[in-house]
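All of the numbers you see were taken from the coordinates with simple rules; none came from a lab. Remember, it's a predicted structure, so these values are computed and weren't measured experimentally. So basically every Cβ, Gly included, is an ideal-geometry build from the backbone, and we count neighbours across all protein chains shown.
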Amino acid sequence: MAFLTTGYFAVPVYSSGMRSVTCFSVVTVEPGQGLNDLAKKYGTTRDQILKDNPQANQLGLGATLTIRENTTLLGNSKPKEVSREISRGAVASYHWPVWGRISSDYGWRGYKNFHHGIDIAVPTGTTISAARQGKVIKAGWMGVYGLAVLIDHGNGIQTLYGHNDELSVKVGEQVEMEEQIAISGNTGNTTGPHLHFEIRKNGKAVDPSDFLPQYNVVRE
Ligand SMILES: [Zn+2]
C-alpha cells in the first residue's frame, strides 16, 4: 500500500463509561490507488469518504483526503493513542487558518471573475494562524488584499492571508503551523469582514479545499 498518512484529528464523544471516538486521518493520494483501496485500508466505505471529501472524485496525485475511522474506547484509554496508531505520529500537512463559514469558494464567480482563494467569514478581531510551518516573505499592505501576509513553505508552495485588521508577524520571521500571524479584519477590497486564504503552487493559485481537512466545513 502506498498511502502516506500525514495527519489526524480525533473528536471524542463521551457517554457513560464508554467513549466513541471518531479519528480523522489526512492521507496523501499516491500513484495507482483508488478510493476503494483507501476505504478497505481504513475500515470505512467509499461512500463515507466521498461524503467527507466531496471533491475526492476529481483528485490528482498528491492531493489530501480526510478519512474517518470510528473507534469505541473503554476505561481509561486515551483518544490520542488511538489516533497516533492510525497516523503513525505524522503531522497534518495543512491546518485551517481560522474556523468559520466559507462565504466564497475557489473558482469562477460568474463568467469573468475567477476567485483565487477561499473566503472564510469571521468577525473582525478573530485570530488568524499559519496553515503550515514556513517563512514570512511579505507582511504589509498588498492592494486589493489589504493588510496581508504571504508565507513561503518551500517546494514552491506559498500561502496568502488577506483583509486583516492587524498583522502579528514581520518579513523574515519563521512561523510554526497554527502560530498566530494576524488579526482578521475588513481591509482592502471586501464587502464584509472575512479572511481571504490562498495556496499558491509555483506562483499559481490552487484550490485550498484540496489541501485542508474537509470535515465540519460549513458553506454558504
Ligand atoms: Zn476572497
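In this structure, the amide hydrogen of residue 181, modeled 1.01 Å from its nitrogen in the peptide plane, lies closer than 5 angstrom to those of 128, 129, 130, counting only residues at least 5 positions away or on a different chain. The dipole here belongs to region 101-210: it is taken about the Cα centre, uses +1 on the Cβ of Lys and Arg and -1 on the Cβ of Asp and Glu, and is about 380 debye.
In this structure, the amide hydrogen of residue 138, modeled 1.01 Å from its nitrogen in the peptide plane, lies closer than 5 angstrom to those of 150, counting only residues at least 5 positions away or on a different chain. Taking a ≥ b ≥ c as the square roots of the eigenvalues of the alpha carbon gyration tensor, region 101-210 is oblate, as a/c is not under 1.5 and a/b does not beat b/c.
Using the structure shown, list the pairs from 138/201; 112/138; 135/204; 135/170; 51/201; 51/112 with a Cα-Cα distance above 21 Å, or answer none. Long pairs (Cα-Cα over 21 Å): 112/138; 51/201; 51/112.
Scanning residues 5 or more positions from residue 104 or on other chains, those with amide H under 5 Å from its amide H are 119, with H placed 1.01 Å from N in the peptide plane. Applying the Karplus relation 6.51 cos²θ - 1.76 cosθ + 1.60 with θ = phi - 60° to region 150-159 yields 3J(HN,Hα) values of 10, 10, 9, 10, x, 6, x, 9, 9, 10 Hz, where x marks Gly and Pro.
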